[in-house]
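Step one of this worksheet: look at the structure below.
Derivation of every value follows stated rules applied to the coordinates shown; laboratory data play no part. This one's a predicted model, so the numbers in the text were calculated from it and none came from an experiment. Here the Cβ is made from the backbone with ideal geometry for all residues, glycine too, and neighbour counts use every protein chain on show.
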Amino acid sequence: MSNWKLRWFVLKDLCLYYFSSDKPDAKAIGMIMMPSYHVSVVKNNKKKYIFQVAHPSTIAKPYLFQADTHEYMDVWVEALTHAAMAQKGTRNFWL
């Protein structure tokens, strides 16, 4: 976890899009199709509010995220878990 990069995220329906900028006209640099991924909180002694999105495939490495607060982490974990279970949300989330 020593190679962290700052990214902005938008969860829209079942896709998690990520951006290298928070500008309104920024284009997504990638996306994760959430169905079948597993979302979990990561216990780490050095960093707070860490959670991950991992695919059951052993080939794909997990994505690690750090929220600003415990509350933001809880909201993201819940929203991503619903998307991973292929439950279309009624609202979109930004991080």
Cβ crowding within 10 Å averaged over residues, with 22-28, 7-13 ranked highest first: 7-13, 22-28
Full-extension gain in nm, M85 to N44, via 0.36 nm per residue minus C-alpha separation: 12.2 nm
GNM flexibility winner over the chain from I29, I59, I50 (Cα, springs under 10 Å): I59
Descending Cα extents along the principal axes, the chain, whole Å: 34, 30, 29
For the range 8-94: relative contact order, % (alpha-carbon pairs under 8 angstrom, 6 or more apart): 31 percent
Aspartates and glutamates whose Cα lies under 15 Å from that of K48, excluding same-chain neighbours fewer than 8 positions away: D68, E71, D74
Cross-link pairs K23/K47; K5/K43; K12/K47 - those with Cα-Cα distance over 21 Å: K23/K47; K12/K47
